[in-house]
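Reviewing the structure listed below.
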Amino acid sequence: MGLTRQYLRYEPAALFGLVASARAGVAFVALRGERGRYVAVPACEHVFVWDTRKGEKVLILKGLKQEVSSLCPSPDGLHLAVGYEDGAVRVFNLLSGESTITFNGHRAAVTALQYDHLGGRLVSGSKDTEVIVWDVINESGLYRLRGHKDVITEVLFLKEKNLLVTCAKDTLVKWWDLDTQHCFKTLVGHRAEVWGMALLSKEKRLITGSADSELRVWDLTYIQEVKDPDEPESKKSKGPSSPGAEENTEEDETLELDEHPEERIIKCSKVGSIMRGGRDRVVTLGTDRMGKFLACHGADAVLEVFSVLSEEEIQKKLEKKMKKARKKAKQNSEEETESSVELSLQEEIQRVTNVKTSSKIKSFDLIVSPKGELKMVLLLQNNVIELYNLDLSAQVPQAVRVSRITIGGHRSDVRTLAFSSDNIAILSAAAESVKIWNRSTLQCIRTMECEYALCSLFIPGDRQVIIGTKTGKLQLYDLASGSLIETLDAHDGAVWSIALSPDQHGFVTGGADKCVKFWEFELVKDESSVQKRLSMKHVRILQLDEDVLCVRYSPNQKLLAVSLLDCTVKVFYVDTLKFFLSLYGHKLPVLCMDICYDGTLIATGSADRNVKIWGLDFGDCHRSLFAHDDSVMYLQFVPKSHLFFTAGKDSKIKQWDADKFEHIQTLEGHHQEVWCLALSPNGDYVVSASHDKSLRLWERTREPLILEEEREMVRVASF
């Protein structure tokens, strides 16, 4: 048996750059005896608990591989139930941060979670259309409720009765009797998906949100309350489900699906609608724990807050109205009957205010503080958590933003990454800012505003960085002061690629204006100070026939490889800019490439999902590898080796051997497209950025990786 080549395994080291994922909801949690200060948010496969006052992460509830899809804190505030993409539900202890219970029962993502008012039972709804009730104390499943035909969107326990109400995208709201575990009533009054619902007024009212701007309100009457004890038995047995007993309100009336309607039936009658400001569907609809406030939002940046009057307040309002009516009747000398005075739905559920946020809202949570203020936490689409306070004692209540958690991440997807020469600093740049991170602490140490960044590099010495932008500019930043020193109009189109020259005296850029431009660093006199400052000088230009997507120098600085929009890679001599080789074979444009440390090989990654390895002496293709299930977005060689990493739109990062043409390992962790990666100069670290808003750090371990064992594990996992 021949010698097997030994590889070292890369392991996930950290997840950073993420404030919150917009996949699941946000929830206030009770921590250290305080309510209204700490919030739990999904963060890919983990759950982060943030201190909104200090803007610090205080707890990480570590998940496995699957993304978090739903959250629900327990009534006592000590536990948090977390639903995952694969259908698992885990219950975490917030004091220890450990997962104490795991429930596996769903076949698809968990979309809704709710505890009962005592915290002993948990109900989960899923994409597989099933609802499961779990016993948290005995750590077991109680029963599975089937009946919905589409994704479950909300599940609610009733406090007083042993009932459950669920709604789904199949337009139905179903009532379940948990004693007999069957559905006894279905509300069919919605013409589109029911996206959310809430119980109000001590569970005597149900409000539902659908695909239009109406919030439908239903009155709930428990039949036991309606029955007259003196009524003869024969009449009783008919109940409201007999055809003549109740008038059929409208097409929204309910279907009774119970064999014994007299046992326990709720009568639901539609009382009207509350009109929202938004025209699109309801995304989230919810109340605070006491049911005093109701809020909802659509796919926009406005949260609409309503106040729900209690029975005492309704009574007071009615008395006032009656007084007015009597006064009016006296003046007009009419006999006004008191029975005709009643409150409209709009008076019982009053609009308080609209909260306008800085970006689209994904979810929210409400809590009334002991001071009587309404606290609202909002999870926004752009990786931000905002906390608002609403002073209810004011004449015109206005929501005031009290905190905003943003520092730990970018507002948009990171498009470029770079490592400093000492392996310590990481640069990440997106559409609105450049951030510098400390690799060991993962803290953001600098944030600088920029234009839409596409490529970047650290200038030798690591004191300045250059960013290439979508508008064709080169922006030079000083890291010590965090300021923009200089902006140059480099290209007429986007600057797609930038590469430092091996002699470190300059760099080269390639743009959408079909040009490759050569630049040198120079020291120029600064008007504001005595000292000279660094600048960039344009020295040469290479005009081409197609847009330039990527440029790379060979390590000896003799050759320059240029990837073009015509799917070829052209190689030129650096000194004379004469044509040397054309590498053609890809079916779609080459988006990324790299040349190994000794200049013998060039690897190219394309939108056709293939990676090709070429010899740089004759331009012959050594091997074509089917690398990813979608476009290959980034490719980089490990320093001092013929191993390289590729990042793909299929959310995977893979390591390859360019000599043996072997796939070594796959780094799985990102949940969406991986846009870029960067390797540290010593090859010990890989950092990657994805559409899921997260940055991930991978570390080279001392553990050897044997390919046969790795493949065996993949085979076992696929069965």
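The values are calculated or read from the model by the stated rules, or taken from the named source; none is laboratory data. What you see is a predicted model; the values in this text were computed from it and never measured. FYI the Cβ positions are ideal-geometry reconstructions off the backbone, even for glycines, and counts take in every protein chain you see. Surface accessibility is based on the protein's heavy atoms, side chains included, excluding ligands, DNA and RNA. Shrake-Rupley method; radii C 1.70, N 1.55, O 1.52, S 1.80 Å.
Residue-wise test of (1) of a type in the set (Asp, Glu); (2) within 25 Å of the chain's Cα centre (by Cα).
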| residue | (1), (2) |
| --- | --- |
| Ser393 | no, no |
| Gly408 | no, yes |
| Arg411 | no, yes |
| Val414 | no, yes |
| Phe419 | no, no |
| Ile424 | no, no |
| Ala429 | no, yes |
| Glu432 | yes, yes |
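Taken as a whole, the range 264-277 holds at least one residue that is at pLDDT 80 or above, closer than 30 Å to Arg404 by Cβ and in a loop (DSSP other than H, G, I, E, B).
The condition (being modelled with pLDDT of 95 or more, of a type outside the set (Gly, Ala, Ser) and more than 30 Å from Ala647 (Cβ to Cβ)) is satisfied by just one residue among Leu378, Leu427, Leu454: Leu378.
For Glu312, the requirement of being within 22 Å of Leu199 (Cα to Cα), modelled with pLDDT under 85 and not in a loop (DSSP other than H, G, I, E, B) is met. Enumerate the strands (runs of 3 or more DSSP E) found wholly within the range 385-492, keeping only those where 1 or more residues are in contact with a Lys or Arg (Cβ under 7 Å, 6 or more places away or on another chain) and open to solvent by 40 Å² or more (accessible area, probe 1.4 Å). Result: 444-449, 483-489.
When you check Leu294 against the structure, is it under 27 Å from the mean Cα position of the chain (by Cα) and within 17 Å of Ala399 (Cβ to Cβ), yes or no? Yes.
For every residue, the table says whether it meets (1) among the acidic types (Asp, Glu); (2) modelled with pLDDT under 95.
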site: Ala40; (1), (2): no, no
site: Val47; (1), (2): no, no
site: Glu56; (1), (2): yes, yes
site: Leu64; (1), (2): no, yes
site: Tyr84; (1), (2): no, no
site: Val89; (1), (2): no, no
site: Thr102; (1), (2): no, no
site: Ala109; (1), (2): no, no
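Within the range 582-608, residues that are among the basic types (Lys, Arg) reach partners that are part of a loop (DSSP other than H, G, I, E, B) with beta carbons closer than 6 Å, at six or more positions or on different chains, in the pairs Lys587/Asp608.
The set of residues in the range 611-626 being open to solvent by 20 Å² or more (accessible area, probe 1.4 Å) and not in a strand (DSSP E or B) consists of Asp617, Phe618, Asp620.
Can you name the residue in the range 289-322 that is among the charged types (D, E, K, R) and under 21 Å from Ala27 (Cβ atoms) and is also least open to solvent (accessible area, probe 1.4 Å) among such residues? For the range 289-322, the residue satisfying everything is Glu304.
A single entry from Ala88, Ala81, Ala43, Ala24 fulfils the requirement of being under 16 Å from His670 (Cβ atoms) and touching a strand residue (DSSP E or B) at 6+ places or on another chain (Cβ under 8 Å): Ala43. From the list Val524, Val516, which residue is more than 37 Å from the chain's Cα centre (by Cα), open to solvent by less than 60 Å² (accessible area, probe 1.4 Å) and at pLDDT below 95? Testing whether each residue is more than 37 Å from the chain's Cα centre (by Cα), open to solvent by less than 60 Å² (accessible area, probe 1.4 Å) and at pLDDT below 95 leaves just Val524. Please verify whether Gly648 is within 30 Å of Val384 (Cβ to Cβ) and touching a residue at least 12 places away in the same chain (Cβ under 8 Å), treating the condition exactly as stated. Here the answer is yes, as Gly648 does meet what is asked. Restricting attention to the range 683-716, the residues being surrounded by 12 or more Cβ atoms within 10 Å (Cβ to Cβ) and assigned to a strand (DSSP E or B) number 14. In the range 573-592, of all residues being under 44 Å from the mean Cα position of the chain (by Cα) and under 14 Å from Leu616 (Cβ atoms), the one that is surrounded by the fewest Cβ atoms within 10 Å (Cβ to Cβ) corresponds to Ser582.
Listed conditions (1) open to solvent by less than 30 Å² (accessible area, probe 1.4 Å); (2) closer than 22 Å to His46 by Cβ are all met by Lys652, apart from (1). Scanning the range 559-610 for residues that are among the charged types (D, E, K, R) and part of a strand (DSSP E or B) yields Lys570, Asp594.
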